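The structure under discussion appears below in the form of structure tokens.
The values are calculated or read from the model by the stated rules, or taken from the named source; none is laboratory data. Note that the structure is a prediction, hence the values are computed from the model and not measured. Cβ: placed from backbone, ideal geometry, glycine included. Neighbour counts: every protein chain shown. We work out accessible area using only protein heavy atoms, side chains counted, and drop any ligands, DNA or RNA first. Shrake-Rupley method; radii C 1.70, N 1.55, O 1.52, S 1.80 Å.
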Amino acid sequence: MTIDCHEFIERLDDLLLLSKEGFSKGLLDKKAEGVSKKAKKVKIDKQLLSEFTGIRENLLKNIQKQNHLEKPMLEESVQRILDRLIFIRSCEDRGIEENPLLQKVRYYRENWEKMGSKKFIDILNEMFRKFDERYNSALFREHDCEKLKIDSDVLIDSIELLYESKDKIYRYDFAKIDADILGNMYEQYLSYILKGGDTRVHLEDGRLSKKAQGIYYTPTYIVDYIVSHTVTEKCENLSLDEILNLKIVDPACGSGSFLIRAFSELCEIVEERLKKGERSEHKTGSFGRYEGRLNLAQKRLIMLNCIHGVDLDEKAAEIAQLNLLLKILEGETMETLSKVKDLKKLLPLLTENIRIGNSLIDDEAVAGDKKFNWKEKFDKVFSTKNGFDIVIGNPPYVRQETLGDQKEYLMNNYKTAAGTADLYVYFIEKAMNILNDRGTMSYIVANKWMRANYGKALRLWMKEKRIEEIIDFGDLPVFENATTYPCIIRLSKGKPKDAFRACEVKTLSFESLDGYIRENGYEFKQSSLADEGWTIVGSDTKDLWQKILSAGVPLKDYVGSNVYRGVLTGFNEAFVIDENTKNELIKKDSKSKEIIKPFLTGKGVGRYFIGKDKRYIILTRIGIDINKYPAIKERLTVYQKELEKRWDK
């Protein structure tokens with residue numbers, strides 16, 4: 001595009017593309033994309049998600065066609081193969097391994113005619129055994145995935161897609177893809193659900209299911225803030241020996257984003273102490289010297305000593321372990337690894353650090369084999385320190401109507417219990433229960449507990465605790481494509497303080513969350529917290545709020561306390577549908593429109609307007625004969641197991 005000097009005035013809009021504001025907003029790139037002069041930018045996690053999902057589905061289909069596995073074993077096998085391939089690719093791009101995957105692909109293509117019955121999976125398995133010997137991680141232990149029949153071309157295609165995209169536009173460098181991007185991609189990747197039978201399977205986008213389970217990937221700036229105000233602050237007044245003995249846990253760790261950041265922060269803090277000449281008397285002797293960088297043995301010891309996690313999902317726990325292993329190898333090369341004397345201990349075994357289980361329930365009758373006894377599973381933590389120093393995370397936001405048989409257990413075993421309480425309420429209480437006497441916890445959770453009736457028990461309980469801070473984001477879109485009304489809370493063991501730090505975050509357009517809170521935060525007296533509901537605002541807003549209250553009648557008084565929650569489906573994934581699904585149901589059976597009604601949620605209603613995102617509810621109220629609506633009955637039958645768990649059946 002060229003602009004003659006005589007055209008400056010009439011083409012001022014084009015000139016503004018070159019302004020500082022234009023560059024900051026990427027306006028020139030958008031213009032180029034619009035006229036097909038530049039390939040459209042795609043976020044790396046989105047691109048990787050597309051590749052991984054395709055690879056996963058191809059492997060699932062091919063393996064199931066030839067092996068007829070039960071779904072759990074099928075998913076576990078594919079996950080293990082993919083995790084191994086990702087680990088090897090990361091080692092290649094970091095210069096730790098000399099492209100063993102590509103070498104094997106080339107070797108097979110050149111020699112497959114001479115190999116007889118030998119398949120590419122057999123060649124991969126030989127490599128897996130060598131990696132097991134070298135890295136000594138559970139990732140490469142012998143596994144049933146090595147016994148499966150898999151077409152060689154499917155495996156080779158999968159491997160090649162980890163080097164460059166199918167259209168050859170993108171080439172992947174795993175040395176430059178940090179753990180946070182991989183974690184974000186993996187969280188989305190896990191939401192794709194395996195469907196099908198004995199011989200034919202496929203993946204369906206289950207992101208609505210993940211939301212139904214209350215699972216949202218935490219943005220990096222939130223993780224950084226929480227780790228900074230727990231791990232970093234805790235270390236300020238500790239010796240090096242005490243830092244190396246810190247016990248940190250995320251009780252709903254997902255793919256490990258909080259744990260990866262906590263580990264990274266600990267490594268930076270320890271290295272800074274070593275640079276300043278501080279040394280440790282740790283029994284291993286690993287920190288009695290410093291040679292210009294943290295070596296692998298030192299990083300391994302920090303991870304094994306300090307980092308712990310739990311998740312209900314086996315796949316998530318396995319991915320958390322993988323991400324932590326990749327993190328520990330950051331900065332390593334062939335040269336640095338060659339200096340490690342004991343090659344059998346290149347990588348730590350993390351199966352005792354990252355556990356699988358239900359963090360809230362220690363009863364086999366309720367949780368089955370996922371029951372979780374904290375003192376048994378982390379016996380060294382409780383026997384040596386009587387609990388964790390730090391609990392961090394983003395616990396799931398799960399509505400009470402989906403809790404099923406767990407609800408009675410939670411009601412009987414938690415002081416914060418309420419009939420309609422969301423699951424994160426119990427995670428807050430659990431965090432305080434597993435802390436030692438000097439411990440600190442910090443979560444990002446929904447803020448509804450501050451005003452909702454179900455939060456009263458939590459509010460009364462929390463008023464007796466040492467509140468360090470509450471950061472309220474209101475309805476800001478902290479989580480992509482989700483309205484969760486989040487807040488950050490931080491509590492410590494000890495007596496309550498007179499006041500805690502509070503802040504209402506009114507925009508996400510800040511350079512630093514820390515900086516925003518320093519500028520806009522304020523002290524809030526803990527004695528000002530009311531039992532009936534917490535309105536945490538600054539003095540100016542508080543005065544205005546009191547003026548409004550004194551001038552009018554609260555809605556609950558006006559309607560005689562008859563304020564209800566509205567429609568509760570018990571399982572939104574089944575009953576709440578989009579425009580396309582509505583049209584498909586009506587196309588199959590025109591009578592379907594009789595019980596499909598427009599539906600609004602909090603996200604769909606703004607100040608003075610209703611959003612454009614059209615959603616509908618299948619209104620199968622009591623008394624409706626579902627057999628008269630065959631298309632809808634067919635849809636709901638898919639969710640029969642989930643619907644049977646509803647409290648009203």
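Restricting attention to the range 333-380 and to residues that are hydroxyl-bearing (Ser, Thr, Tyr) and under 20 Å from Ala316 (Cα atoms), the residue that is modelled with the highest pLDDT turns out to be Ser359.
Of note, Glu204 does not satisfy the criterion of being of a type in the set (D, E, K, R), at pLDDT below 90, over 16 Å from Leu85 (Cα atoms) and assigned to a helix (DSSP H, G or I).
Between a first residue in the range 353-376 that is within 23 Å of Ala138 (Cβ to Cβ) and a second residue that is hydroxyl-bearing (Ser, Thr, Tyr) and surrounded by 19 or more Cβ atoms within 10 Å (Cβ to Cβ), which pairs have beta carbons less than 6 Å apart while being 6 or more apart in sequence or on different chains? Once the first residue is within 23 Å of Ala138 (Cβ to Cβ) and sits in the range 353-376, its partners that are hydroxyl-bearing (Ser, Thr, Tyr) and surrounded by 19 or more Cβ atoms within 10 Å (Cβ to Cβ) give Phe372/Ser359.
Scanning the range 218-265 for residues that are in contact with a Phe, Trp or Tyr (Cβ under 9 Å, 6 or more places away or on another chain) and either basic (Lys, Arg) or without any contact (Cβ under 8 Å) to a residue 60 or more places away in the chain (or both) turns up Val223, Leu240, Asp241, Lys247. Looking across the range 613-636, just one residue is in a loop (DSSP other than H, G, I, E, B), over 17 Å from Ala574 (Cα atoms) and in contact with a helix residue (DSSP H, G or I) (Cβ under 9 Å, 6 or more places away or on another chain), and that is Asp613. Within the range 295-340, the set of residues being open to solvent by less than 10 Å² (accessible area, probe 1.4 Å), aliphatic (A, V, I, L, M) and in a loop (DSSP other than H, G, I, E, B) comprises Leu329 only. Every test in (1) surrounded by 18 or more Cβ atoms within 10 Å (Cβ to Cβ); (2) under 19 Å from the mean Cα position of the chain (by Cα); (3) over 28 Å from Asn245 (Cα atoms) is passed by Glu480 save one, and that test is (1).
Filtering the range 287-334 to residues that are among the β-branched types (Val, Ile, Thr) and touching a Ser or Thr at 6+ places or on another chain (Cβ under 9 Å) leaves Val310, Ile319.
Here Tyr443, Tyr426, Tyr454 are screened, and the one residue that is of a type outside the set (Val, Ile, Thr) and farther than 28 Å from Lys556 by Cβ is Tyr443. Please verify whether Lys649 is at pLDDT 75 or above and either surrounded by 10 or more Cβ atoms within 10 Å (Cβ to Cβ) or over 30 Å from Leu476 (Cβ atoms) (or both), treating the condition exactly as stated. When the stated conditions are applied, Lys649 does not pass them.
If only one of Ser137, Ser117 is open to solvent by 30 Å² or more (accessible area, probe 1.4 Å) and not charged (D, E, K, R), which one is it? Residue meeting the stated conditions: Ser117.
Summed over the range 52-99, the residues that are surrounded by fewer than 16 Cβ atoms within 10 Å (Cβ to Cβ) and closer than 23 Å to Ser137 by Cα give a count of 5. Among the conditions (1) modelled with pLDDT of 95 or more; (2) open to solvent by less than 30 Å² (accessible area, probe 1.4 Å), the only one that Glu268 does not satisfy is (2).
Of all the criteria given as (1) under 24 Å from Ile319 (Cα atoms); (2) open to solvent by less than 30 Å² (accessible area, probe 1.4 Å); (3) β-branched (Val, Ile, Thr); (4) within 21 Å of the chain's Cα centre (by Cα), the one not satisfied by Val425 is (1). In the range 142-156, the residue that is farthest from Leu69 (Cα to Cα) out of those that are touching a residue at least 24 places away in the same chain (Cβ under 8 Å) and within 29 Å of the chain's Cα centre (by Cα) is Leu155.
Just checking, does the range 254-261 include any residue being open to solvent by 20 Å² or more (accessible area, probe 1.4 Å), assigned to a helix (DSSP H, G or I), touching an Asp or Glu at 6+ places or on another chain (Cβ under 9 Å) and farther than 29 Å from Tyr424 by Cα? No, because not a single residue in the range 254-261 is open to solvent by 20 Å² or more (accessible area, probe 1.4 Å), assigned to a helix (DSSP H, G or I), touching an Asp or Glu at 6+ places or on another chain (Cβ under 9 Å) and farther than 29 Å from Tyr424 by Cα.
Rundown of residues vs (1) acidic (Asp, Glu); (2) touching a strand residue (DSSP E or B) at 6+ places or on another chain (Cβ under 9 Å); (3) closer than 25 Å to Lys407 by Cα, yes/no style:
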residue	(1), (2), (3)
Ser442	no, yes, yes
Val445	no, yes, yes
Arg451	no, no, yes
Ala457	no, no, yes
Glu468	yes, yes, no
Leu476	no, yes, no
Phe479	no, yes, no
Ile489	no, yes, yes
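Filtered by the rule that a residue be closer than 19 Å to Ala421 by Cα and surrounded by fewer than 16 Cβ atoms within 10 Å (Cβ to Cβ), the range 484-504 gives no residues. Is it fair to say Met127 is of a type in the set (A, V, I, L, M) and open to solvent by 20 Å² or more (accessible area, probe 1.4 Å)? In short, no.
Which condition number in (1) open to solvent by 80 Å² or more (accessible area, probe 1.4 Å); (2) within 33 Å of the chain's Cα centre (by Cα) is the one that Lys633 fails? (2) is the only condition that Lys633 fails.
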